[in-house]
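Structure first, then comments.
The values are calculated or read from the model by the stated rules, or taken from the named source; none is laboratory data. As the structure is a computational prediction, the values presented were derived from the model and not from experiment. As a convention, Cβ positions derive from the backbone with ideal geometry for all residues, glycine included, and neighbour counts pool all protein chains shown.
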Amino acid sequence: MYLLNINGVDRKLDLAPDVPLLWALRDVVHLTGTKFGCGMALCGVCTVHVDGVAVRSCVLPISSLAGKKITTIEAVAESAAGRAVQSAWLSNEVVQCGYCQSGQIMSAVALISAVAMPTDEDIDNAMSGNICRCGTYSRIRDAIKEAAANSQNGVM
Amino acid sequence: MLPALASSRRDFLRGSLVIGGGLVIGFSTISDSLSAAEHTAAVYSPNAFITIYPDERIELTVARVEMGQGTYTSLPMLIAEELEIDLDRIVLSHAPPDAQLYGGERHDQFTGGSLSIRTLWQPMRQVGAATRLVLLQAAAQTWGVPDQECHAKNGVVVHGPSSRRLTYGQLVAAASRLPLPDVIPLKPISEFALIGKPVTRLDAGAKVNGTALFGIDAVVPGMLFASVAACPVPGGTLRAIDDRQTLSLPGVCQVVRLPTAVAVIAENTWYARKGLEALRVEWDEGENAHLSSADIHSLMRGALNREGAVGRNDGNALKVIAQDSNRVERFHLNPMLAHAPMEPINCTVHVKADSAQIWVGTQVPARARDAAAKVLGLAPDQVTLTGYYLGGGFGRRLETDYVEQAAAIALQVKAPVKVTWTREEDIRQGIFRGAYAHSVAASVDERGYPIAIAHKIAGPSNLARWAPGALKEGLDGNSAEGSLQFAYDLPNYRSEFVREDGPIVTGFWRGVGATRNMLVLETFIDELAVKAGQDPLNYRLAILTHNDRARQVVKRAGELASWREPLLPGRGRGIALLYAWGTYMAQVVDLTVGEQGDIAVQRVVCVVDCGVVVNPDTVIAQMQGGINFALSAALYGEITIREGRVQQSNFHDYAVVRMNQAPVIEVEIIPSNLPPGGVGEAGTAGFGGAFSNAIFSATGRRFYQFPIRLDQVDG
């Protein structure tokens, strides 16, 4: 039995220790906003925050998460940075199929939370682990800059 | 639920659309009795696309699936323009499987081929306009005033002289008593209030907060989870398994054997996957056991020596070329490709005694339901299919193999079961874009301009499998797409397609035939320009004297890309023209080749004339996305086979472009009132030639096979 704090709620999970957080979220807790893409931390669609840091939930065993705060896309709007990123995603019309965007947003929120005004290089470094097959990259880049600027100016 | 009678009435309107297909559609035979029977209708649902509720909600059923291309915004825009409603009031629903209602003229309910706007541009405006006319008439009769004194705006009918108002919701009952109009005038383009203006995507909100549901997100009470492995060699079968260890693992419920695959059913996807890894499986690998990519490539190259179906034959290109001792001839090869949509292939099925339910993201809802019904031994109407957003399609979800497989698995499971392919399975069990061989030859005049070009293509016919009726005298117009039209001045032009399906089932891939054929042609035109000692852009303009749309996009792309500016060392610039799906486009690619042969694309300029535009930002987004999709293929895309097995498995060895490699993409749309052209495929199809030509510009090396790897010997 593992006790996980997911989006501020304690969840008891009767699962084997090696079960990746991704499958606990999707198949057991039914928080399906976090997506499955590759299973090898290659594509980033499963990105969530653990204590505010962007991590790939597909390779993160639940046994490693005791006492940590897990945030998924469903709760990202609870932070100012999360709202700023979501808003910038909408104003830049980023999404196409949308499947990767939960992970993109989680990576972006972690980035602007750590680096107030990210440069192009910062964005490349933080976001190159997140694949988008629809090719929305340039809009993601623009949206991150807008979200960072709005956060700095206290717009959000 | 809708009243039962509503559906027969909807059938009628849809039937009329199919039969009429023109501007004016006859609705006159709707009987009075039918109208009277709907007197008590609680909603107004005049056709398969619109339902108006008394509480002012308006539900639009979207006839094509949303896989990123923006149909869930653009198709509602077409209806809303004529229905006179605010887009922010509407509720969208996925069209259920029903090829009669939603399958258009072909009675085939599919989303693909850049066809959604092209085929629904007029019908969707007509359903909106017909509905508005009835609502207006209902209001006029309620007030006892002439129709002409009333107008509709923002979901309200207003009587001009008295300023009386009735909302659409208030008119539901009255409208249900009225027949649909005989004549449906549509607004001229000059009066559009919505079409042509940038509209915020209607699916965006749900896609930034995790609430948008894709097929993989289906949650069915009591469901189990499956991980599946099909024979790694195409055409092979399951011989034997040892599942003792698997069945001892936590959470594993069952092992399911299929003729060509094995699945482990478990309490969650992870347990199912671990169970699958623990299985010992023996395959009968069948006749493809020793197949290699080289075998497939030589099969296709060899097929070029056979006679094919001639899709176009202006003048006598073969004779002119044969008589020219200075003829130019090149051979190209386009490799096999996987789609690799971000949402891995999945399907959820619940088989009950006399029925079944399916939850799946598919480009072909009716085909998917029918295919599953066949597997299950049920009639199609015993099977329900719930559609979802697609986490990418690109042609992969035009296939029903995975729905059939999931149905076959579910048939053996006493619970709903969600089958999710691993990424490895998704890559290895793709319905790949096939390999195609090309020969292209030209004879040029004393100035170096072509007087004859012959393009011969050998490769699989996807239509022969997918829509055999679409073949015309052996010609697969999809495989030959992009070679059947020819924009340049040329008295002698020939396109020939030799069908060679090869040993592996292949399928459609974004940009379809034009992606391959225009890459070959536009690379070849570039070679001819260089051979003539001319600038490739000037050369194209010199032989585009009869095609204004093509000229315009080429010229404008050159201007935007500063074509005349000198290049710095290591930089390259290439241009290519595209014409397909009623769309003209030119792209200019700017790139740098590093000392290690590393390629970085800095900038792509894309000028597109796709006729009248519904949602301009969607067109821009489709170009940007299509170009990145093509760049992935140009740099990395290739499925290779050795000893019958696909060698790629995941994003480390089937690489795609990432943030740090994505170029700046500038898109300009040429204003036009011509009929809408396709945009979903065009960005992808228009890129390859410009990229390959830019590589030549930077390095002086020509490549005849993608992906371009600068550490390999010239093709």
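Within the range B:409-424, the set of residues being touching a strand residue (DSSP E or B) at 6+ places or on another chain (Cβ under 8 Å) and either assigned by TED's automatic domain parsing to the domain that holds residue B:462 or surrounded by 20 or more Cβ atoms within 10 Å (Cβ to Cβ) (or both) comprises B:409, B:410, B:413, B:416, B:417, B:418, B:419, B:420, B:421, B:422. Among the residues making up the range B:663-694, those that are buried (at least 24 other Cβ atoms within 10 Å of the Cβ) and either at the interface with chain A (Cβ under 9 Å from one of its Cβ atoms) or aliphatic (A, V, I, L, M) (or both) are B:665, B:679, B:682, B:683, B:685, B:690, B:694.
Consider residue A:97 carefully, then state whether it is at pLDDT 95 or above, at the interface with chain B (Cβ under 7 Å from one of its Cβ atoms) and buried (at least 23 other Cβ atoms within 10 Å of the Cβ). Yes; evaluated as a whole, the condition is true for this residue. For residue B:334, the requirement of being within 30 Å of residue B:495 (Cβ to Cβ) and out of contact with any Gly (no Cβ under 8 Å at 6 or more places or on another chain) is not met. In summary, residue B:248 fulfils each of the numbered conditions (1) assigned by TED's automatic domain parsing to the domain that holds residue B:459; (2) small (Gly, Ala, Ser); (3) without any contact (Cβ under 8 Å) to a residue 12 or more places away in the chain with the single exception of condition (1). The set of residues from the range B:231-254 being touching a helix residue (DSSP H, G or I) at 6+ places or on another chain (Cβ under 7 Å) and either among the polar types (S, T, N, Q) or crowded, with 21+ Cβ neighbours inside 10 Å (or both) comprises B:233, B:234, B:237, B:245, B:246, B:252. Scanning the range B:472-492 for residues being crowded, with 24+ Cβ neighbours inside 10 Å and hydroxyl-bearing (Ser, Thr, Tyr) gives a total of 2.
A quick yes/no check of all residues on (1) surrounded by fewer than 23 Cβ atoms within 10 Å (Cβ to Cβ); (2) away from every other protein chain (no Cβ under 14 Å); (3) out of contact with any strand residue (DSSP E or B) (no Cβ under 8 Å at 6 or more places or on another chain):
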| position | (1), (2), (3) |
| --- | --- |
| B:571 | yes, yes, no |
| B:576 | no, yes, no |
| B:579 | no, yes, no |
| B:593 | yes, yes, no |
| B:602 | yes, no, no |
| B:606 | no, no, no |
| B:610 | no, yes, no |
| B:638 | yes, yes, no |
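Just to verify a result, which residue in the range B:388-399, among those that are within 14 Å of residue B:366 (Cα to Cα) and crowded, with 24+ Cβ neighbours inside 10 Å, is nearest to the other protein chains (Cβ to nearest Cβ)? Going through the qualifying residues, I end up with B:397.
Per the listing B:371, B:452, the residue uniquely closer than 21 Å to residue B:111 by Cα and not acidic (Asp, Glu) is B:371.
In the range A:62-89, of all residues being in a loop (DSSP other than H, G, I, E, B) and within 14 Å of another protein chain (Cβ to nearest Cβ), the one that is farthest from residue B:206 (Cα to Cα) corresponds to A:79. Of the residues making up the range B:360-374, at least one is part of a helix (DSSP H, G or I) and either surrounded by fewer than 16 Cβ atoms within 10 Å (Cβ to Cβ) or not assigned by TED's automatic domain parsing to the domain that holds residue B:412 (or both). When residue B:644 is tested against (1) surrounded by fewer than 22 Cβ atoms within 10 Å (Cβ to Cβ); (2) more than 10 Å from chain A (Cβ to nearest Cβ); (3) more than 21 Å from residue B:519 (Cβ to Cβ), only condition (1) is not met. The residues on offer are B:138, B:152, B:193, and the sole one that is in contact (Cβ under 8 Å) with a residue 12 or more places away in the chain, outside the structural domain of residue B:363 (by TED's automatic domain parsing) and part of a helix (DSSP H, G or I) is B:138. What tally of residues in the range A:119-130 results from selecting those that are farther than 16 Å from residue A:54 by Cα and surrounded by 20 or more Cβ atoms within 10 Å (Cβ to Cβ)? Total meeting the criteria: 0. Listed by position, the helices (runs of 4 or more DSSP H) contained in the range A:90-156 that have at least 3 residues being under 13 Å from the mean Cα position of the chain (by Cα) are A:101-114. Only one of the numbered conditions (1) of a type outside the set (Phe, Trp, Tyr); (2) within 7 Å of another protein chain (Cβ to nearest Cβ); (3) more than 27 Å from residue B:268 (Cβ to Cβ) is violated by residue B:207, and that is (3). Note on the range B:648-662: among residues that are polar (S, T, N, Q) and outside any loop (DSSP other than H, G, I, E, B), the one that is farthest from the other protein chains (Cβ to nearest Cβ) is B:661.
Of the strands (runs of 3 or more DSSP E) lying entirely inside the range B:251-305, not one carries at least 1 residues that are within 13 Å of another protein chain (Cβ to nearest Cβ) and at pLDDT below 95.
For (1) touching a strand residue (DSSP E or B) at 6+ places or on another chain (Cβ under 8 Å); (2) surrounded by fewer than 24 Cβ atoms within 10 Å (Cβ to Cβ), each residue gets a yes or a no:
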| residue | (1), (2) |
| --- | --- |
| A:3 | yes, yes |
| A:28 | yes, yes |
| A:33 | no, no |
| A:47 | yes, no |
| A:53 | no, yes |
| A:58 | yes, no |
| A:64 | no, yes |
| A:69 | yes, yes |
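Of the residues making up the range A:109-156, those that are touching a Gly at 6+ places or on another chain (Cβ under 7 Å) and either modelled with pLDDT under 95 or closer than 21 Å to residue B:655 by Cβ (or both) are A:129, A:130, A:131, A:133, A:134, A:135, A:136.
Scanning the range A:11-39 for residues that are of a type in the set (Gly, Ala, Ser) and either more than 18 Å from residue B:207 (Cα to Cα) or more than 10 Å from chain B (Cβ to nearest Cβ) (or both) gives A:16, A:24, A:39. The residue that is surrounded by the fewest Cβ atoms within 10 Å (Cβ to Cβ), counting only those in the range B:448-471 that are in contact (Cβ under 8 Å) with a residue 60 or more places away in the chain and over 19 Å from residue B:317 (Cβ atoms), is B:467. The condition (being within 12 Å of chain B (Cβ to nearest Cβ), touching a Phe, Trp or Tyr at 6+ places or on another chain (Cβ under 7 Å), in contact (Cβ under 8 Å) with a residue 12 or more places away in the chain and surrounded by fewer than 24 Cβ atoms within 10 Å (Cβ to Cβ)) is satisfied by just one residue among A:111, A:42: A:42. Looking across the range A:130-148, the residues that are free of Cβ contacts under 8 Å to residues at least 60 places away in the same chain and more than 19 Å from residue A:117 (Cβ to Cβ) come down to A:132, A:133, A:134, A:135, A:136, A:137.
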